[in-house]
Structure formats: structure tokens, C-alpha cells
């Protein structure tokens, strides 16, 4: 049994290291599908009637106050390289009053030597909003409430993320494409765990149908993590190519752009549930953060843009995030919104394929265009 656990721990460690190096060195973003945010437009206010420096970006979500509606998406852990990355991001979110999720903590449960790559985040971010993380296949087959409490306690987490990655599991040679019973397990966890449970996709989006089922299961929030950004099918494609696994390579290539575009997923989810929604998946600017909030999201998340800066240190991560925050503030100024609440009321137009998809699915996009502007 000890040898099996050691082998499993080494396998996970190697896989996590692969993921980091591939995301740093290869083009892992969607090729022929976009987030849809490029088809969404705010109405410019030539008379915003407010001052840029007085705009309030703060918001409260999951009982925690954020200085801006930004959360660094679950990114890594479980490999030696993760220590530096997580430490840098944690330093930045602490200084900026934001939040972050960490990568799946399965690696730390299998190999205690890897716990340090996760615990570093609370050391560096004593007051920031932090979310623990585990995958859906693991809650079905491997871990009960005891282990979930352990990973929450590991980083003194404010919430637990259960990530859904059926696409990646189906393509990954070591994948565990076991999802039967996932919803029932999620429901059990929301009843027994003391912290909010957030369910997060990993790049393929959340549909209206699944959002409703998750809300009924008692989750506190949903992170849509839609298509248009990092493609985990692409990451697994590169892993397969490096190992000369032609079979897995061809499957990864075919499903590179699979999923629901992020903007569409946000609208489908927002118009289907009454719990907080986090918009992530290909968000790369403060303007896109603003659009996500304008569609109704409570927070916006991103990970890939801070990965390379994280290798250089917390200050570099902070610099990157500060640019995005200033872009968000500028957008709010140009639409006449002096608060996040007002940004949600700012009219915007949904066009193109994004509008076509949402109309065919029966969602109301006209309500966004007909909001009354503050005068």
C-alpha cells in the first residue's frame, strides 16, 4: 500500500509539473472559439458625471470583502515549481485585498511532502479570501468529509472549490472519467461542510441546466470557467505529443475548442440561479472583467496572465493585476458607474454569435440593453 501511494504521489507530482511547463511554454489557449466578450459592448457616456479617482471597486461576496471583484483562479500546487508561483500570487492578492484559489490538493493528500506548496498561500496571505480545491472524481471515489476538512484546514480556507473537468479527464491518459454520482456527493458535502462550497468548471463552461442542478444541491457559488481561454484539452494534447501517444494526441486536438464560451455561460448561469457567479475562462483585461460584472457576475477570475509574472515574484504579479484593476476602473468611469452595483446596471449590447446562441436557448438579452443609465 505504501509503495502504491508513493507511486501515485510521484505520478501526480510529475503531471502537475508537466501542466506548469506546458502552460508557460506552449500556446494552450483556444484557437477557433472565443470567450464572446468581444461581441459585448457598453454604451459610452460622454458625460459620466463622476470622478475617476472616486470610483469604488469594492464588493462583498461569500461574506468576504474584496477591494475589487477579482479572484485569481485555481492555478497550481503539488509540484516544486508551485511553491514560488503560489507564494507570489498570495503576496499580491494580500496586498491588493483580493482572493485566490489553489490547484487541486489531491497531491498533498497523497504525498504530505507537497503540503508546503499549498500552505504557503495562507502564510503569505493571512487575510485574503482563499479557496481550497479538489476534483469531482476524487469526492466520488477517494475522499470523504474528513479529507475535505483536512484540505480546508491546510490553508485555513474561506471556501472549498470542487472542480469539474470531464473534458480533461476524458482525454488525459491517466484520466479518471468517473462522474456518476457527482451531484449527489456535492449535495452531501454542502450539507456537512462548514465553509461555502463553490463548484468550478475548468475551461468548458457551465450550462443553464447544470447551474440549476448545482444550486438545488446547495452550492454557495458557481465559477463558469468557460471556453475561450486556457484549453485543458490542448494541455493534454501537448503532454501526449511529448510522450508520443498518438492516440491521446488526436483526441486532444479534436476537442481543443470544446465548450460553452465564457460570456454565454455567464448569461446562462446568471439567468438560471440566484447564487453568486464567478466569471472565468479567457478573461485577460479589466474591460473584460467589467463586461462580466455587467452581465451579472459577482467576481471575475483569471490565472494564465499571472503565471509568468509569478515566477518573478509577488511584485510582478501585483503590477499585472494593478493594470487590470485600472482598466476596470477606467471602464466604470466611461460608463458612468461609480460602484460595482452601478456597473451591473450599466446598459450593454450583446451582438453576433453570442446573441444568436442566447436567443436560440431562450435567454433574454434585451434586458441588458434597456437598463436605465444613471443621470
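Could you tell me which of the residues 265, 207 is surrounded by fewer than 24 Cβ atoms within 10 Å (Cβ to Cβ) and in contact (Cβ under 8 Å) with a residue 12 or more places away in the chain?
207
Could you tell me whether residue 235 is touching a helix residue (DSSP H, G or I) at 6+ places or on another chain (Cβ under 9 Å) and closer than 18 Å to residue 39 by Cα?
Answer is no for this residue.
Which residues, taken from the stretch 207-245, are within 24 Å of residue 157 (Cα to Cα) and touching a strand residue (DSSP E or B) at 6+ places or on another chain (Cβ under 9 Å)?
211, 214, 215, 217, 218, 219, 220, 221, 222, 223, 224, 225
Failed condition for residue 177, given (1) in contact with a helix residue (DSSP H, G or I) (Cβ under 8 Å, 6 or more places away or on another chain); (2) more than 18 Å from residue 109 (Cβ to Cβ); (3) touching a residue at least 60 places away in the same chain (Cβ under 8 Å); (4) surrounded by fewer than 21 Cβ atoms within 10 Å (Cβ to Cβ), with all others met?
Of (1) in contact with a helix residue (DSSP H, G or I) (Cβ under 8 Å, 6 or more places away or on another chain); (2) more than 18 Å from residue 109 (Cβ to Cβ); (3) touching a residue at least 60 places away in the same chain (Cβ under 8 Å); (4) surrounded by fewer than 21 Cβ atoms within 10 Å (Cβ to Cβ), only one is false for residue 177: (3).
Looking at the structure I just gave you, is residue 158 surrounded by fewer than 21 Cβ atoms within 10 Å (Cβ to Cβ), within 30 Å of residue 87 (Cβ to Cβ), modelled with pLDDT of 95 or more and in contact with a strand residue (DSSP E or B) (Cβ under 7 Å, 6 or more places away or on another chain)?
The answer is yes for residue 158.
Name the residue that is surrounded by the most Cβ atoms within 10 Å (Cβ to Cβ), counting only residues in the stretch 77-112 that are assigned to a loop (DSSP other than H, G, I, E, B) and in contact with a helix residue (DSSP H, G or I) (Cβ under 6 Å, 6 or more places away or on another chain).
102
Considering only residues that are in a loop (DSSP other than H, G, I, E, B), crowded, with 17+ Cβ neighbours inside 10 Å and touching a helix residue (DSSP H, G or I) at 6+ places or on another chain (Cβ under 6 Å), which ones fall in the stretch 17-47?
Scanning the stretch 17-47 gives 28, 35, 36.
Can you say whether residue 240 is outside any loop (DSSP other than H, G, I, E, B), touching a residue at least 40 places away in the same chain (Cβ under 8 Å), in contact with a helix residue (DSSP H, G or I) (Cβ under 6 Å, 6 or more places away or on another chain) and within 22 Å of residue 21 (Cα to Cα), as far as the supplied structure shows?
When the stated conditions are applied, residue 240 passes them.
Has the stretch 130-143 got any residue that is closer than 18 Å to residue 84 by Cβ, touching a strand residue (DSSP E or B) at 6+ places or on another chain (Cβ under 9 Å), surrounded by 18 or more Cβ atoms within 10 Å (Cβ to Cβ) and at pLDDT 95 or above?
Within the stretch 130-143 (the criterion being closer than 18 Å to residue 84 by Cβ, touching a strand residue (DSSP E or B) at 6+ places or on another chain (Cβ under 9 Å), surrounded by 18 or more Cβ atoms within 10 Å (Cβ to Cβ) and at pLDDT 95 or above), the answer is yes, since at least one residue qualifies.
Confirm whether residue 298 is in contact (Cβ under 8 Å) with a residue 40 or more places away in the chain, under 26 Å from residue 208 (Cα atoms) and over 18 Å from the mean Cα position of the chain (by Cα).
No: the conditions fail for residue 298.
Is the stretch 241-250 home to any residue that is surrounded by 21 or more Cβ atoms within 10 Å (Cβ to Cβ) and farther than 16 Å from residue 226 by Cα?
No - not one qualifying residue is present in the stretch 241-250.
If we keep just the residues of the stretch 210-237 that are in a loop (DSSP other than H, G, I, E, B) and more than 18 Å from the chain's Cα centre (by Cα), which is surrounded by the most Cβ atoms within 10 Å (Cβ to Cβ)?
217
Read through the list (1) buried (at least 24 other Cβ atoms within 10 Å of the Cβ); (2) in a helix (DSSP H, G or I), then give the number of the only condition that residue 198 fails.
(2)
Tell me which of these residue 283 doesn't satisfy, since it passes every other one: (1) in a loop (DSSP other than H, G, I, E, B); (2) surrounded by 18 or more Cβ atoms within 10 Å (Cβ to Cβ); (3) free of Cβ contacts under 8 Å to residues at least 60 places away in the same chain.
It fails just one condition, (3).
Would you point out the residue of the stretch 330-341, among those that are touching a strand residue (DSSP E or B) at 6+ places or on another chain (Cβ under 9 Å) and part of a helix (DSSP H, G or I), that is surrounded by the fewest Cβ atoms within 10 Å (Cβ to Cβ)?
Among those that are touching a strand residue (DSSP E or B) at 6+ places or on another chain (Cβ under 9 Å) and part of a helix (DSSP H, G or I), it is 341.
The values are calculated or read from the model by the stated rules, or taken from the named source; none is laboratory data. These figures come from a predicted structure and were not determined experimentally. Quick reminder, even Gly has a Cβ in these numbers, built from the backbone with ideal geometry, and neighbours come from all protein chains shown.
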